[in-house]
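The values are calculated or read from the model by the stated rules, or taken from the named source; none is laboratory data. All of these numbers come straight from a predicted model, not from anything done at the bench. Reconstructed Cβ throughout: ideal geometry from the backbone, glycine too, with neighbour counts over all protein chains shown. Please note that ligands, DNA and RNA were not included when accessible areas were found on the heavy atoms of the full protein model with its side chains. Shrake-Rupley method; radii C 1.70, N 1.55, O 1.52, S 1.80 Å.
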Amino acid sequence: MPALRYKRYCREIVGQTFELQQELDAVDLHQPVDGCPRWSLGDLLRHLGYGHRWATEIVREEAKKPPSDERLRQVQGDDDQDAADLGYWLAQGATGLTTALRAVGKDAKPWSPLPDGGARYWARRYALETLIHRVDVAKTLGRRPDIDADLAADGVDEWLELVTAPTADGANGRRGELRKMVGKGRTIALVATDGPTWTLDLSHRRPTYRPVKTKKAGATIAAPAAELLLVLHRRIPVQHKRVKVSGDKDLVRRFLKGSARS
């Protein structure tokens, strides 16, 4: 469940987009994005901008089922356009989503992939989605982004919630892949060295997680919350110098491979 306040998520959607926008002065939109194979920087920005607008439609209309998301997936476009113009368009989408979220309020119940997710789900999802893509932009341009530890920790919690949710089967098969790893004693502790700890339990048919550490975890991944979040989203390798893996390293390898987005 969301750990931060609804108002904070709304601020982060706009704030993270603003920080991303500041990176776009006179950049080449043709540049490939490491974190998103086969996408150019322009593709990434269009994906995020159309995603903001897709979520805005869901929230504003308090939709009971999702509209088509084809536009935010088919993102190829004109990478010769001015990057600042694309950044301005991106900021408009973020503002529109935040306006819609504030208008309906935190208790509104538009459709979401998670049961009872509602407006809270969309506020959290796009605060964190925008954060991850701000990281993508910064890394593409050779810069090191700052990430607030509490927001990063919340991102780890959200990632675990999504990867263990029943809807993960239909979304991209990640939960199904995790089921293949089920076995006695197969638990992974995820330790944010500057924040909380979670345990992913693969001991039973349904993968689950809880915000506590088990003393007998089969494996442990420990890192500052920002790096832990980026490992889970495959933005940095688990071999990163600020990440420490102990215990069953093969389990960690299979877990990261099996829970990757398709």
Note to self: Could you check region 222-252 and list, in sequence order, the residues that are without any contact (Cβ under 8 Å) to a residue 12 or more places away in the chain and within 20 Å of LYS180 (Cα to Cα)?
What the structure shows: ASP250
Checklist line | Subset of region 36-53 (residues that are over 14 Å from GLY77 (Cβ atoms), open to solvent by 20 Å² or more (accessible area, probe 1.4 Å) and not charged (D, E, K, R)) | finding: PRO37
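Mind checking which residues of region 135-144 are surrounded by fewer than 22 Cβ atoms within 10 Å (Cβ to Cβ) and touching a residue at least 12 places away in the same chain (Cβ under 8 Å)?
If the condition is that a residue be surrounded by fewer than 22 Cβ atoms within 10 Å (Cβ to Cβ) and touching a residue at least 12 places away in the same chain (Cβ under 8 Å), then ALA138, LYS139, THR140, LEU141, ARG143 are the ones that fit.
Results for (1) farther than 25 Å from PRO37 by Cα; (2) modelled with pLDDT under 95, shown as yes or no for each residue.
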position: TRP54; (1), (2): no, no
position: ALA83; (1), (2): no, yes
position: TYR88; (1), (2): no, no
position: LYS109; (1), (2): yes, no
position: ARG125; (1), (2): no, no
position: ARG134; (1), (2): no, no
Note to self: What's the total number of residues in region 231-251 that are open to solvent by less than 20 Å² (accessible area, probe 1.4 Å) and touching a Gly at 6+ places or on another chain (Cβ under 9 Å)?
What the structure shows: 2
Next item on the list: Please determine, by comparing only the residues of region 200-227 that are of a type in the set (Val, Ile, Thr) and within 20 Å of ASP154 (Cβ to Cβ), which one is modelled with the highest pLDDT.
Entry: ILE221
